[in-house]
1. Find the residue count for segment 94-106, including only residues that are within 15 Å of the chain's Cα centre (by Cα) and at pLDDT 85 or above.
2. When you scan segment 56-80, how many residues do you find that are more than 28 Å from S101 (Cα to Cα) and assigned to a helix (DSSP H, G or I)?
3. Taking segment 40-55, which residues are hydrophobic (A, V, I, L, M, F, W, C), without any contact (Cβ under 8 Å) to a residue 40 or more places away in the chain and part of a loop (DSSP other than H, G, I, E, B)?
4. Would you check which residues across segment 87-121 are small (G, A, S), under 17 Å from K33 (Cβ atoms) and not in a loop (DSSP other than H, G, I, E, B) and list them?
5. In segment 25-45, which residue that is open to solvent by 30 Å² or more (accessible area, probe 1.4 Å) and over 15 Å from the mean Cα position of the chain (by Cα) is modelled with the highest pLDDT?
6. What residue, among those in segment 1-19 that are of a type in the set (S, T, N, Q) and touching a helix residue (DSSP H, G or I) at 6+ places or on another chain (Cβ under 9 Å), is least open to solvent (accessible area, probe 1.4 Å)?
7. Of the residues L56, L83, L63, which single one is of a type in the set (A, V, I, L, M) and surrounded by 14 or more Cβ atoms within 10 Å (Cβ to Cβ)?
Amino acid sequence: MKEWIGREIILPSSIQEISRVQDTCKYINAPYKIFVYIDSIGCTSCKLQLYKWNTLIKNASILMPDSINFIFCFQSKSEKELLNILKRDNFNNSVFIDKESKLDSIYHFSRDLNYQCFFAK
C-alpha cells in the first residue's frame, strides 16, 4: 500500500468512456476523487456491487455536493456485457472501459479487491 501513496493515475487516451444514460461525462471539478479499478478476473458482476456504489454516491452528493468525483474503470473486453450490468443495477455514472488492459499493464494493480480503490485530493 505504501507504494501507492503520492502516485498519480493517468488514464490513457485509448481507454473509452461509456455511459448508458448520457453521451459524455461531465465530471465536476471536485477537490476529492475516488478511483475504482475492476479487473476481469472472476465474476465481474459479483465484484462490482454497483448497488452499494449507488448508495455511496448518492449519500456523498447529498452530504458533500460537488466535492467528490467517482471514477470507475473496468478491465473488460465486452462493452455490451458491461452495459447490461450497468443497466441491471441502474448505475447511471459513466465509466471507463479498458478493453486491452492498458491501465493494468502500466500500474500493475493488485489482484486483491481491497487495493483497487484509490482516494485522491
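1. So in segment 94-106, the residues within 15 Å of the chain's Cα centre (by Cα) come out as 94-99, 101-104.
Then keep just the ones that are at pLDDT 85 or above; that gives 95-99, 101-104.
The total comes to 9.
2. First, the residues of segment 56-80 that are more than 28 Å from S101 (Cα to Cα): 58-67.
The next check asks that each one be assigned to a helix (DSSP H, G or I); those that pass are 58-63.
The total comes to 6.
3. C43
4. Looking only at segment 87-121, we keep the residues that are small (G, A, S), and these are 94, 101, 105, 110, 120.
Applying the additional criterion that residues be under 17 Å from K33 (Cβ atoms) yields 94, 120.
Across segment 87-121, the qualifying residue is only A120.
5. So, considering only residues that are open to solvent by 30 Å² or more (accessible area, probe 1.4 Å) and over 15 Å from the mean Cα position of the chain (by Cα), the one modelled with the highest pLDDT is P31.
6. Here is the first cut: in segment 1-19, the residues of a type in the set (S, T, N, Q) are 13-14, 16, 19.
Subset that is touching a helix residue (DSSP H, G or I) at 6+ places or on another chain (Cβ under 9 Å): 14, 16, 19.
Working: S14: 69, Q16: 76, S19: 28 Å².
The extreme case among them is S19.
7. Working: L56 fails: surrounded by 14 or more Cβ atoms within 10 Å (Cβ to Cβ); L63 fails: surrounded by 14 or more Cβ atoms within 10 Å (Cβ to Cβ).
Only one candidate passes the filter, namely L83.
The values are calculated or read from the model by the stated rules, or taken from the named source; none is laboratory data. These numbers were taken from a predicted model, which means no experiment stands behind them. Quick reminder, even Gly has a Cβ in these numbers, built from the backbone with ideal geometry, and neighbours come from all protein chains shown. Accessible surface is based on the protein model in full, side chains and every heavy atom, while ligands, DNA and RNA are left aside. Shrake-Rupley method; radii C 1.70, N 1.55, O 1.52, S 1.80 Å.
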